[in-house]
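**Q** I have a structure here, written as structure tokens, and I will follow up with some questions on it.
Bear in mind these aren't lab numbers, they're just calculated from the coordinates by the rules spelled out. What you see is a predicted model, and the numbers here were worked out from it, not measured in a lab. Positions of Cβ are generated from backbone atoms using ideal geometry, with glycine treated the same way; all protein chains shown enter the neighbour counts.
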Amino acid sequence: MTPQERFEYKTKWMQASSNLVKIHSDLEFDAKQWCKKNLQQHQWGFSKYTAVYEDTFYFETIDMKEQFEKEFG
């Protein structure tokens, strides 16, 4: 998958995704490391400070979301 194809694919599923997890912003580094270790780049997304002291992670599938929640939920 080319970088452009990955971007377009990720943008498409993120717009329709309800697979999101909100975490405390102090956990950002560890959560990103988990995603990089366990998922491919196009399978997750991240938004910083979606609320006060809160970051949001987006996942391509419900299974990925549930795995993440076991660690950080």
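**Q** I need to check one value: relative contact order of the chain, counting alpha carbon pairs closer than 8 Å and at least 6 residues apart, in percent.
**A** 39
**Q** So which of Lys36/Lys65; Lys37/Lys70; Lys48/Lys70 end up more than 18 Å apart, counting from Cα to Cα? Display every interim value, and only then the final one.
**A** Working: Lys36/Lys65 14 Å; Lys37/Lys70 15 Å; Lys48/Lys70 21 Å.
Listed pairs above 18 Å: Lys48/Lys70.
**Q** Sticking with this one: If you take the charge dipole of the chain about its Cα centre, with +1 on Lys and Arg Cβ and -1 on Asp and Glu Cβ, which of Phe29, Phe72, Gln40 is farthest toward its positive end?
**A** Sorting the options by dipole projection puts first Gln40.
**Q** Would you mind working out the magnitude of the charge dipole of the chain relative to its Cα centre, with +1 at each Lys and Arg C-beta and -1 at each Asp and Glu C-beta, to the nearest 20 Debye? Present the calculation step by step, with values, prior to reporting the outcome.
**A** Details: 10 positive and 12 negative charges, 40 e Å.
That gives a dipole near 200 debye.
**Q** Let me ask something else about it. Excluding same-chain residues fewer than 8 positions from Lys12, which aspartates and glutamates have a Cα within less than 13 Å of its Cα?
**A** Answer for Lys12, where 13 Å is the Cα cut-off: Glu60, listed by chain and number.
**Q** Over the chain, what number does the Rg to Rh ratio reach, with both radii from the alpha-carbon atoms and Rh per Kirkwood?
**A** So for the chain, dividing Rg by the Kirkwood Rh gives 0.96.
**Q** Are there chymotrypsin sites (Phe, Trp or Tyr not before Pro) in the chain that DSSP marks as loop and that have at most 15 other Cβ atoms within 10 Å, and which are they? Mind showing how you got there, number by number?
**A** Values: sites: Phe7, Tyr9, Trp13, Phe29, Trp34, Trp44, Phe46, Tyr49, Tyr53, Phe57, Tyr58, Phe59, Phe68, Phe72; in loops: Tyr53.
Loop-located and lightly packed - Tyr53.
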